[in-house]
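Here is the structure we will look at.
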Amino acid sequence: METVILSAAQMKAEALRLGFSACGIAPADTVDATNESSLRQWLATGKQAGMGYMQNHTEKRLDPRLLMEGTQSIISVALNYYPEQLLPKESYQLAWYAYGSDYHDVMRAKLTSLQAFILAQFPTSVSRIFCDTAPVLERYWAWRAGLGWVGKHTQLILPSAGSCFFLGEIFIDQPTDTYDIPLPARCGSCTQCVNACPTGAIESPYVLNAQRCLSYLTIEHRGDIPPAAGSKIGNKIYGCDECQQACPWNRFATPCQTPELHPSPTLLAMRKNDWHTLTVAQYKALFKNSAVKRAKYEGLLRNITTASSHAVANEVAE
């Protein structure tokens, strides 16, 4: 196969034209020793909770060339989802990322367009797109590609932009003319995200225990929510943004400009009584093409019941 050199500047310009917030490129290589050790330790201590898939394909997570043979470059992109309009405080709350359409679909469409742009110029190249759909250490590669750094809440933080971003990648079997340099961490001595976690799931800076995380418990977890965590659920019925809301870098966040990620008028109009009487048909209509389907109807009702029961218990205690 004839060797071609991809223009990093052209790919980044096209990524921005497509609506991505940032784009960077890293050479494909094995994950560095520090991050490999952290991943293996995290898995060995069971902090992935019931997410058994995190234990699969560890070697591919640590070497992207095993996931797609011949990979030479990893193009990493970020898409802003910081909401322009928030759900009313008096209503139950969803994680910001779930306000609009399923991010997998939105990201996949934009990544496919970027991939097509590359293929139009280099038709002999081989590439694959990913968005939380394969054993890829997305935040690591976004860091390697110079998009930002991983904060103490384990989310990627973009300088002067915050942490409310979806990540995606294109693996390609060609080199680029330039590669980006990782950014140093800029969290300093700040621990506001650690202190803000309702359940203490951020056990120490950069270490998240999913067994205690409300995002995991209200989305991925099947079965009852443990009472200790349930008592801290507040009005959250899908996910949790407490650590992001506390992060000082998110004061730089700007509302997303992707219409598909905006909340629908129906969702914005929902009040607690509406959630308490939510039917299967209403659920399907409200969350058609939404990431909230991940929790399923039964899981969402469990979360609503948990939030409601603890709210009543707190009122009685007061």
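The values are calculated or read from the model by the stated rules, or taken from the named source; none is laboratory data. None of the values given here were measured: they were computed from a predicted structure. Positions of Cβ are backbone-derived with ideal geometry, glycine not excepted, and every protein chain shown enters the neighbour counts.
For this structure, a couple of remarks:
- Selection over the range 8-47 of residues that are in contact (Cβ under 8 Å) with a residue 60 or more places away in the chain, closer than 26 Å to TYR82 by Cα and of a type outside the set (A, V, I, L, M, F, W, C) gives a count of 4.
- Residues in the range 52-108 that are surrounded by 15 or more Cβ atoms within 10 Å (Cβ to Cβ), touching an Asp or Glu at 6+ places or on another chain (Cβ under 7 Å) and either among the aliphatic types (A, V, I, L, M) or more than 30 Å from ILE181 (Cβ to Cβ) (or both): LEU62, ILE74, ILE75, ALA95, GLY100, SER101, VAL106.
- Count of residues meeting criterion [in contact (Cβ under 8 Å) with a residue 60 or more places away in the chain, within 29 Å of THR218 (Cα to Cα) and surrounded by fewer than 20 Cβ atoms within 10 Å (Cβ to Cβ)] in the range 109-127: 0
- The range 204-227, subset out of contact with any Lys or Arg (no Cβ under 8 Å at 6 or more places or on another chain) and surrounded by fewer than 20 Cβ atoms within 10 Å (Cβ to Cβ), residue nearest to SER308 (Cα to Cα): PRO227
- Test set (1) assigned to a strand (DSSP E or B); (2) touching a Pro at 6+ places or on another chain (Cβ under 6 Å) - THR71 fails condition number: (1)
- Residue match in the range 31-45 (condition: buried (at least 18 other Cβ atoms within 10 Å of the Cβ), touching a Gly at 6+ places or on another chain (Cβ under 9 Å) and in a loop (DSSP other than H, G, I, E, B)): no
- Yes/no for PHE287 being surrounded by fewer than 17 Cβ atoms within 10 Å (Cβ to Cβ), aromatic (Phe, Trp, Tyr) and under 19 Å from the mean Cα position of the chain (by Cα): no
- The set of residues from the range 292-313 being of a type outside the set (D, E, K, R) and either at pLDDT 95 or above or in contact with a Cys (Cβ under 7 Å, 6 or more places away or on another chain) (or both) comprises VAL292, ALA295, TYR297, GLY299, LEU300, LEU301, ASN303, ILE304, THR305, THR306, ALA307, SER308.
- Pairing residues of the range 64-85 that are over 17 Å from ILE157 (Cα atoms) with residues that are aliphatic (A, V, I, L, M) and in a strand (DSSP E or B), at Cβ distances under 6 Å and at least 6 apart in sequence or on separate chains, gives SER73/ILE25; SER73/ILE172; ILE74/ALA26; ILE75/ILE25; ILE75/ILE170.
- Restricting TYR283, TYR238 to residues that are among the hydroxyl-bearing types (Ser, Thr, Tyr), in contact with a Leu (Cβ under 9 Å, 6 or more places away or on another chain), modelled with pLDDT of 95 or more and closer than 30 Å to PRO205 by Cβ narrows the list to TYR238.
- Each residue in the range 122-169 was checked for being within 25 Å of GLU203 (Cα to Cα), touching a helix residue (DSSP H, G or I) at 6+ places or on another chain (Cβ under 9 Å) and aliphatic (A, V, I, L, M), and 7 pass.
- Of all residues in the range 160-181, those satisfying the criterion of being touching a residue at least 40 places away in the same chain (Cβ under 8 Å) and assigned to a loop (DSSP other than H, G, I, E, B) are SER160, ALA161, SER163, CYS164, ASP173, GLN174, PRO175, ASP177, THR178, TYR179, ASP180.
- Counting only helices (runs of 4 or more DSSP H) that fall entirely inside the range 182-280 and contain at least 3 residues that are more than 20 Å from CYS164 (Cα to Cα), the qualifying elements are 227-230, 265-269, 272-276.
- Going through (1) closer than 18 Å to ARG222 by Cβ; (2) free of Cβ contacts under 8 Å to residues at least 40 places away in the same chain one by one, ASN303 falls short only on (2).
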